[in-house]
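Asks: What follows is a single structure, and I will ask about it in a moment.
The values are calculated or read from the model by the stated rules, or taken from the named source; none is laboratory data. Since the model is a prediction, treat every value here as computed from it, not as a measurement. In this analysis, Cβ positions are derived from the backbone assuming ideal geometry, glycine residues included, and neighbour counts consider all displayed protein chains. Surface accessibility is based on the protein's heavy atoms, side chains included, excluding ligands, DNA and RNA. Shrake-Rupley method; radii C 1.70, N 1.55, O 1.52, S 1.80 Å.
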Amino acid sequence: ATIGGFVLVAVALLVAGVLLFSRGSLFADTSRHVVFFDGSVRGLSIGSPVLFQGVRVGQVVNISLEIDGTSLDIDLPVVIEMEDTRFGVIGTIDRRWHDATAEDVLDALVEKGLRAQLQIQSLVTGQLGIQLDFLPDRPKVYRMPETSQFRDLHEIPAVPSDMERVARRAQEYIEELQDFPVAELARQIMDTLAAVEGLGEC
């Protein structure tokens, strides 16, 4: 009886811990979506948070690597899982929303400017999360190839983060400087200085 009591208490604590750490989402209806990021996803991992304007609505459940057999282009599909109850439409009499799925709502939000971005969660560890936010001035680009193993999932378009944009711009400047004719410029300066010295001697 004593051993059985300890076992029951341990099971109860285990169940309570699972419910606590799942934050009530264990029995919630969820849907999976895919995001294709144009660049490195270093720092993103399974379990990384998905935030909608700062509110956690899901997590990363899969990160894959797909290589096109013809062009050898590499894609990085990231599968996220979100709670459908987070995307219910309220306060409307529009009948199109009565039986709307989470995908229908997300499609409407994408048309309004919803985009996915990588976001730093910790400067110390470099861990990343995925931020969903409205960026209507950023183009809507779908990157899922027709041969992707995730083509049955709903895609959320991604855009580079501000840090990625700065890094790419810096790389462009470096490439421009590499093409700059430094040797020719130095030669012209030396010729100019020599001509000035010649005038001074005269």
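Asks: Using a 1.4 Å probe on the protein heavy atoms only, what accessible surface does Asp75 show? Give it in Å² to the nearest 10.
Replies: Estimated to the nearest 10 Å², Asp75 gives 40 Å².
Asks: Taking the Cβ-Cβ separation of Thr125 and Gln149 as r and a Förster radius of 25 Å, what is the calculated FRET efficiency to the nearest 0.05?
Replies: 0.25
Asks: Here is a follow-up. Stretched out fully, how many nm does the piece from Val61 to Val11 gain, at 0.36 nm a residue minus the Cα gap?
Replies: Length difference between fully extended and current span is 15.4 nm.
Asks: A further question follows. Provide the FRET efficiency to the nearest 0.05 for the Met190-Leu72 pair, computing r from the beta carbons and using R0 = 41 Å.
Replies: That gives a FRET efficiency of 0.30.
Asks: When the chain is fully extended, how far beyond the present Cα-Cα distance does Tyr142 get from Gln53, taking 0.36 nm per residue of separation?
Replies: Here the segment from Tyr142 to Gln53 would lengthen by 29.9 nm.
Asks: Let me ask another. Heads up, I need the accessible area for Thr70: 1.4 angstrom probe, whole protein in place, Å², nearest 10.
Replies: Surface open to solvent at Thr70 totals about 130 Å².
Asks: Could I ask something else about it? Gain in length, Ser45 to Leu109, computed as 0.36 nm per residue apart minus the alpha-carbon separation, to one decimal in nm?
Replies: That works out to 20.5 nm of additional length.
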